[in-house]
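Structure first, commentary second.
The values are calculated or read from the model by the stated rules, or taken from the named source; none is laboratory data. Not measured: the values here are computed from a predicted model. Glycine also receives a Cβ, built like all others from the backbone with ideal geometry; neighbour counts cover every protein chain displayed. Side chains included, ligands, DNA and RNA excluded: accessible areas come from the protein's heavy atoms. Shrake-Rupley method; radii C 1.70, N 1.55, O 1.52, S 1.80 Å.
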Amino acid sequence: MINPILLIAIPLLFAFLSVMFKTLDKTLLIIAVLFNAFASFALQQGTIIVGGWKPPFGINLVVDQYAAYGLMIVNVVFALAVLTSMSSIKKYSTVLLVSLTSLNGLLMTGDLFNLFVFLEIASISAYILSTMTKNYKGTFNYIILGALGSNLYLLGIIILYATAGTLNMADMHAKLSGINSDVLLLALTFIFAGFAVESKLLPFNGWVKMVYGNTNDLNGAIFASAYATTAIMVFGRLFTQILVVDGTLKTIFLTIAVLTFVFGEIAAFAQRNVRGILAFSSVGQAGLIATLFLSGVTGGAMMQVANNALAKLIMFTIAGAMFVYTGTDNVEKLQGLFKKHKLIGFGFSVAALSLVGLPLFYGFYVKIFALSTLFTLKSFWIPAFILFASLIEGIYYIRMLVKLWNPGEEGKESKDEYTTKLSLENTFAYALLAVVVAAFIIYVSFNPEFITQGISNYLSNIAGGM
């Protein structure tokens with residue numbers, strides 16, 4: 001079994017080495033992402049004490065089945081994104097290594113302050129990665145909202161620390177009931193608002209369109225898969241295991257999550273660029289997963305995390321490649337593109353249809369499980385919103401796929417002469433990623449227990465589990 005601290009130590013060490021040996025930076029990055037990807041499947045589970053001081057006084061890492069699940073997804077999609085888009089790495093190897101370090105730290109830390117430290121490192125790395133396409137205005141907006149979120153989160157944990165006298169997550173959970181209700185309300189509101197920035201929840205997701213909508217084949221996949229998975233998994237950890245909310249506050253948080261889901265899907269419907277559609281789709285998915293977590297449907301939330309991470313890995317990689325090689329990602333200007341690149345189109349289509357939840361795809365199983373669990377928990381208004389938003393999602397994704405496969409105006413015969421003259425270059429890596437990940441999505445569509453079995457033990461005693 002591999003010590004989990006190596007998932008932090010190896011990429012961090014290689015980040016320092018990449019600064020000293022600049023000609024080897026890409027080699028070090030590849031070694032680190034491959035090591036982490038394989039190591040995430042053989043981690044030693046339990047509490048890892050750092051520095052010799054036992055919790056709650058010292059720093060510790062917690063690797064339970066929940067964290068291990070997130071670590072596997074994040075490290076695999078991060079490695080696939082890097083290996084697929086090597087030409088886009090350029091001088092960002094060190095930043096990517098630091099990003100990987102911080103994402104693993106966020107998923108494993110058992111301390112609320114160290115969560116803040118890793119959040120800051122991850123955010124700063126993300127700001128730098130967002131400059132890959134020279135969209136500095138989007139980066140500036142991201143920095144402003146990110147700084148606001150970090151400070152709100154820090155203020156929240158300062159209030160909790162001043163009241164409970166601890167920052168250890170397990171110890172904080174045990175002492176939560178003894179905190180004054182008004183103080184707790186204030187602290188939890190700050191923490192929720194702070195984490196809403198990276199989780200892309202309303203009203204703190206104003207940065208998403210300009211950042212996600214201006215990505216290339218590398219940073220788009222990392223943001224929408226690795227970063228998004230980490231943020232929403234930490235959100236789930238905080239608000240379903242540590243800082244458990246109920247009553248009016250839970251209703252408010254749940255309402256925000258549902259509105260984020262619906263708003264994201266409606267906004268995506270109005271977009272005409274592939275990356276714009278995917279950007280707001282990512283907002284919608286964040287809202288859906290947060291809704292499931294807060295509703296107690298932990299199993300459905302974790303399954304949708306995997307579905308979203310795999311789908312967005314393919315879709316953002318291909319959408320970024322469209323922009324890199326054609327100079328546009330406008331659906332009208334790229335109509336018929338998938339007729340030229342059938343393998344890429346196949347992978348993109350499988351990912352989109354699974355995200356929609358079309359029957360025979362993994363997303364269908366996930367949504368049926370989530371809806372049936374919500375009905376079991378006597379929740380009826382949330383399934384109505386999920387079905388409504390899913391219908392909108394299905395319309396805009398199918399509309400986009402039809403255009404990318406069949407050129408021409410709606411309602412008229414599709415002809416090859418309408419096919420875009422634009423095409424992608426160096427498509428082998430993109431096609432390989434699309435086929436391999438799409439094949440895996442198809443496999444778990446017919447064998448969903450391959451994913452659910454890994455989390456069933458953890459969820460067996462949780463309401464809304466499996």
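For the reader, a short list of remarks on this structure follows.
- Volume per residue that the Cα convex hull of region 261-378 spans, once the total is divided by residue count, Å³: 96 Å³
- Accessible area per residue, Å², region 24-103 with all protein chains present, probe 1.4 Å: 41 Å²
- Kirkwood-type radius of region 8-63, with distances r between different C-alpha atoms, in Å: 13.0 Å
- Evaluated on region 42-92, the Kirkwood hydrodynamic radius is 13.4 Å, with distances taken between all distinct Cα atoms.
- Radius ratio Rg over Rh of region 15-162, counting only Cα atoms, Kirkwood formula for Rh: 0.99
- Computed with the Debye formula from one identical point scatterer per Cα of the chain, without solvent, the log10 of I(q)/I(0) at q = 0.08, 0.13 Å⁻¹ comes to -0.43, -1.20.
- Filter on Lys200/Lys312; Lys22/Lys90; Lys134/Lys342; Lys26/Lys91; Lys250/Lys312; Lys137/Lys312 - keep pairs with C-alpha separation over 20 Å: Lys134/Lys342; Lys250/Lys312; Lys137/Lys312
- The chain - mean residue ellipticity at 222 nm from DSSP helices (-39,500 (n - 2.57) per run, n ≥ 4, rounded to 500): -22500 deg cm²/dmol
- Multiplying each eigenvalue of the alpha-carbon gyration tensor of region 135-188 by 5 and taking the square root yields semi-axes of 31, 11, 7 Å, largest first, rounded to whole angstroms.
- Averaging the sequence gap over all C-alpha pairs within less than 8 Å and six or more residues apart, then dividing by the number of residues, gives the chain a relative contact order of 14 percent.
- Treating each Cα of region 354-395 as an identical point scatterer and summing with the Debye formula, the log10 of I(q)/I(0) at q = 0.27, 0.31, 0.34 Å⁻¹ comes to -0.93, -1.06, -1.12.
- Computed accessible area, Met20, all protein chains, 1.4 angstrom probe, square angstrom: 130 Å²
- Taking every protein chain into account, the 1.4 Å probe leaves Lys333 with about 130 Å² of accessible area, to the nearest ten.
- Exposed-loop-free span, longest in the chain, where GluC sites (Glu not before Pro) count as exposed if DSSP calls them loop and at most 12 other C-beta atoms lie within 10 Å: 1-331
- Surface composition of the chain: carbon and sulfur make up 68 percent of the accessible area, probe 1.4 Å.
- Here is what passes the span test in the chain: the DSSP H helices with alpha carbon length of 30 Å or more along the helix axis and a Kyte-Doolittle mean of 0.5 or above are 136-164, 247-269, 274-295, 298-326, 381-405.
- Accessible area per residue for region 294-399, computed on protein heavy atoms with a 1.4 Å probe, is 33 Å².
- Asp246 exposes around 110 Å² of accessible area when a 1.4 Å probe is run over every protein chain in place.
- Scattering profile of region 206-337 at q = 0.13, 0.18, 0.19 Å⁻¹ [log10 I(q)/I(0), Debye over alpha-carbon scatterers]: -0.55, -0.93, -1.01
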